[in-house]
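Structure first, then comments.
Just so it is clear, none of the values below were taken in a lab; they were calculated from the coordinates. Values in this document were obtained by computation on a predicted structure and should not be read as measured data. FYI the Cβ positions are ideal-geometry reconstructions off the backbone, even for glycines, and counts take in every protein chain you see.
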Amino acid sequence: MTVWRRACGILGGVSSFPGSPRTLRGAIIAVDPLGPLSRVVVFQYNPDQVQRNLQPRSGGDSGQRSADVHRAWGAPTETVSMTVEIDATDQLEVGDPVAGSVGVLPQLSVLEMLLHPGSVRVIANTALLAAGMIEILPVELPMAVMVWGPGRVVPVKITQLGIAEQAFNPALSPIRASVDISAQVLTYDDLPLTDVGYGLYLAHLVAKELLAVVGSVTGAVSAVTELTGA
């Protein structure tokens, strides 16, 4: 499987303007090791803004010694937030029966299921617990992978969904909604070596290092050019 291949292959979008460049769409993929299919949330419209916040990972010692000031305790803690717009207007114009009956509830449900344990697992675990057969651990959620272009495919943990339903059909199903998504990027410090997300994050890190080299060389060449007046 390859989450990377799937991520790069499904996200193509074509603008309605003739001759305009092909634009990729962002997405979130829920990878369930025990499920035959992965749930994919391809953004109908790409967010206008993606907010990223990075903080150095703390070593857990409030009294940090001066000798440790340059030490890295692991990958930085990175959080990502964005607002995704969902609109059923185009589907309603062409008479789509699903949009006509339930609006954008299917799209919202896919996002919400990133936080919900599956009902089959919940029922099975409840039955086993009632029979005294196993000690129940918290249900494991599918791994979420955020895709923002082929060079940024990272495992994340969704920390919050803020859903604003903005218009409704006669059955009170929303036909337009705005979803605020907050997530924490999962790094090699958060995942076991056998987890597919471990490899995804390392690939992301290598790509970032290569871009940093390109940026450094470009900056150095630009500075030298300005100094020499060339």
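Below are the figures for this structure:
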item: Calculated FRET efficiency for the pair SER216/ASP32, C-beta based, R₀ 41 Å, to 0.05; result: 0.55
item: Proximal charge balance of ASP90 [Cβ under 13 Å; K/R count +1, D/E count -1]; result: -3
item: FRET efficiency, ALA164 to VAL42 (Cβ-Cβ, R0 25 Å, nearest 0.05); result: 0.75
item: Vicinal HN-Hα couplings computed from phi for region 102-112 (Karplus, 6.51 cos²θ - 1.76 cosθ + 1.60; Hz; Gly/Pro x); result: 10, x, 9, 4, x, 5, 5, 5, 4, 5, 5
item: Distance between region 186-230 and region 94-165 - C-alpha centres, whole angstrom; result: 32
item: Cα gyration tensor shape of region 79-230, rounded if a/c is under 1.5, else prolate or oblate by comparing a/b with b/c; result: oblate
item: Cβ-Cβ FRET estimate between THR79 and THR126, R0 fixed at 30 Å, reported to 0.05; result: 0.35
